[in-house]
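I'd like to ask you about the structure that follows.
All of the numbers you see were taken from the coordinates with simple rules; none came from a lab. For clarity, every value in this text was computed on a predicted model and none was experimentally measured. So basically every Cβ, Gly included, is an ideal-geometry build from the backbone, and we count neighbours across all protein chains shown.
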Amino acid sequence: MRIFLDANVCLDLFDTSRHNAKTTVAWYMHHKDNSANEFYFSGDFITTIYYVLTEKKKLPAQQVIEAINQLSKEVVPVYLKHQDFLLAQRSFFNTDFKDFEDLIVLHSALRAGCETLITNDQSILKRKTFEGMKIVRPESPRTE
């Protein structure tokens, strides 16, 4: 399964003090070694992750760069293309979903062939699907 991780999920993986981090990390650790899963994130999130972790969390730049590099070995970065912008623009004007930034991410995930988007963003979660792609939150794995 091709799974796209939203920016808030990626930040949870780096910053365990965030509200949803414990659940997100548990979900990721449970799913990451399943060879049927392929993980993706927007390479354009890298600047946001770097900024939040170095400027807001005051982590050393070298440590953050190394952590992003490690994430990129497990989760494939998908970089924004102009077509994503054009599709997001069309969706913005032709649907009731009016978060343009999220529309760009959703279209990038679709272009990567992702079947599922993992997010903690309430406005995206309300949609449940986007053009056939499931939208779900990371949930703690069940223990049998």
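Relative to a virtual label point 7 Å from the Cα of residue 79 in the Cα→beta-carbon direction, which members of the range 44-70 show backbone nitrogen distances below 16 Å?
Residues passing the 16 Å test: 44-48, 69.
So what is the relative contact order of the range 35-144, in percent, for Cα pairs below 8 Å that sit 6 or more residues apart?
Rounded, it is 21 percent for the range 35-144.
I'd like the Kirkwood hydrodynamic radius of the chain, using the inverse of the mean 1/r over distinct C-alpha pairs, in Å.
Across the chain, the inverse of the average 1/r is 15.7 Å.
In the structure displayed, which of 73/98; 58/134; 58/98; 22/58; 58/126 lie more than 31 Å apart, Cα to Cα?
73/98; 58/134; 58/98; 58/126, as the Cα separations exceed 31 Å there.
Residue by residue through the range 60-73, what is 3J(HN,Hα) from phi via Karplus (6.51 cos²θ - 1.76 cosθ + 1.60, θ = phi - 60°)? Round to whole Hz and write x for glycine and proline.
For the range 60-73, the Karplus-derived couplings read x, 4, 4, 5, 5, 4, 5, 5, 5, 4, 5, 4, 5, 7 Hz, x marking Gly and Pro.
Let me ask something else. Place +1 on the Cβ of every Lys and Arg and -1 on the Cβ of every Asp and Glu in the range 15-144, take the dipole about the Cα centre, and give the residue among 35, 52, 132 whose Cα lies farthest towards its positive end.
52
Can you work out the Karplus-derived ³J(HN,Hα) for every residue in the range 36-53? Use 6.51 cos²θ - 1.76 cosθ + 1.60 with θ = phi - 60°, whole Hz, and x for glycine or proline.
Taking θ as phi minus 60°, the curve returns 7, 9, 10, 10, 9, 8, 6, x, 6, 6, 4, 5, 5, 4, 4, 4, 4, 6 Hz for the range 36-53.
If you count the DSSP beta bridges with both ends in the range 2-136, what percent of them are antiparallel, to the nearest 5?
DSSP beta bridges in the range 2-136 are roughly 15 percent antiparallel.
Treating only the Cβ of Lys, Arg, Asp and Glu as charged (+1, +1, -1, -1), what charge dipole size does the range 2-136 show about its Cα centre? Round to the nearest 20 debye.
160 debye
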